[in-house]
Amino acid sequence: QVKLVESGGALVQPGSSLRLSCLASGFTFSDNDMSWIRQAPGKRLEWVADINGRGLATYYADSALGRFIISRDNAKDTLYLQMNSLKPEDTAVYYCNTVPWASDYWGQGTQVTVSS
C-alpha cells in the first residue's frame with residue numbers, strides 16, 4: 001500500500017528556515033521523480049519543486065527558486081525540502097507526490113505557517 005507521510009511543518013517567523021521531510025513506502029521510491037506541492041487555504045494546488053529519481057536534476061517554481069532546495073535520500077526512501085528566507089505567502093499545507101502526480105498517493109500534508 002503506497003504511503004507518503006509529510007512532516008516538519010511549523011509556525012515560524014518571516015525570514016526563518018525549515019526542512020520538510022516526506023517518507024515514502026509501498027513503491028520503488030528510486031524509480032520515481034518526485035514533487036513538492038503546496039495548497040494555501042481556498043487556493044488551488046501549486047507546484048513547488050521536482051527532483052528526478054537519482055536526485056541529479058532539480059526544478060523549481062519561480063516562487064521557490066533561490067530560496068528552497070529539494071533533495072532526496074533513496075537509501076531512506078525520503079524526500080526533503082529545505083526552505084529558507086520564508087515569507088508569509090509560503091503559508092500552506094505542503095504535500096509530496098510522484099511525477100506525474102498520483103491521485104491515490106496524497107498524504108496528510110504538513111502545515112507551514114509563516115507569520116510575525
Selection within the range 64-112 - without any contact (Cβ under 8 Å) to a residue 24 or more places away in the chain, open to solvent by 60 Å² or more (accessible area, probe 1.4 Å) and either aromatic (Phe, Trp, Tyr) or part of a strand (DSSP E or B) (or both): Ile69
What are the residues in the range 28-45 that are surrounded by 13 or more Cβ atoms within 10 Å (Cβ to Cβ) and either within 15 Å of Ala92 (Cα to Cα) or among the β-branched types (Val, Ile, Thr) (or both), if any? Trp36, Ile37, Arg38, Gln39, Ala40, Leu45
Which one of these does Arg54 not meet: (1) over 15 Å from Thr113 (Cβ atoms); (2) of a type outside the set (Val, Ile, Thr); (3) touching a strand residue (DSSP E or B) at 6+ places or on another chain (Cβ under 8 Å)? (3)
Return the only residue of Val12, Val48 being buried (at least 16 other Cβ atoms within 10 Å of the Cβ) and over 20 Å from Trp106 (Cβ atoms). Val12
Might you let me know whether the range 17-27 holds any residue that is among the basic types (Lys, Arg), open to solvent by 40 Å² or more (accessible area, probe 1.4 Å), within 14 Å of the chain's Cα centre (by Cα) and within 21 Å of Thr91 (Cα to Cα)? yes
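The values are calculated or read from the model by the stated rules, or taken from the named source; none is laboratory data. This one's a predicted model, so the numbers in the text were calculated from it and none came from an experiment. No Cβ is skipped: glycine too gets one built from the backbone with ideal geometry, and neighbour counts run over all protein chains shown. With ligands, DNA and RNA removed, areas are computed over all heavy atoms of the protein, side chains included. Shrake-Rupley method; radii C 1.70, N 1.55, O 1.52, S 1.80 Å.
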